Amino acid sequence: MIYQFRSKAGPDVIMLADLTKRIFDILGRPLEPRGILTEEQLPTLITALETAILQDLEERAKAKNDADEATEKPKLADRLGQRAYPFLELMKQAKAKNEPVMWGI
């Protein structure tokens, strides 16, 4: 399934279900076919996603260092920060312009 997120504050963001589910798990929200992230919710949600991205980067750096010591290649696929960046930016733009982010409409 594909999710399309919209806000008057920025361009639409389209994501596949696996990434959308992962992000909504991080945000502590159920993933429904349609919904809204209100401007009041955005600051908390942005902080939660940024924190998860930083944790992912730290885990990857540690895994890379451990792999270097063991002389094997680390598995660095599916970087959260890279994949979630467009959605994070949309939320930041929406927050700056006091607009909600909607999907399934």
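The values are calculated or read from the model by the stated rules, or taken from the named source; none is laboratory data. All values reported here derive from a predicted model rather than from experimental measurement. All Cβ positions, even for glycine, are placed from backbone atoms using ideal geometry, and neighbour counts span all protein chains on display.
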Legend entry - Residue satisfying all of: in the stretch 30-61; out of contact with any strand residue (DSSP E or B) (no Cβ under 8 Å at 6 or more places or on another chain) and of a type in the set (D, E, K, R); nearest to residue 101 (Cα to Cα) among these: 39
Inset, instruction - Scan 32, 39, 59 and give me the residue that is charged (D, E, K, R), surrounded by 14 or more Cβ atoms within 10 Å (Cβ to Cβ) and either farther than 19 Å from residue 11 by Cα or at pLDDT 95 or above (or both). - result: 39
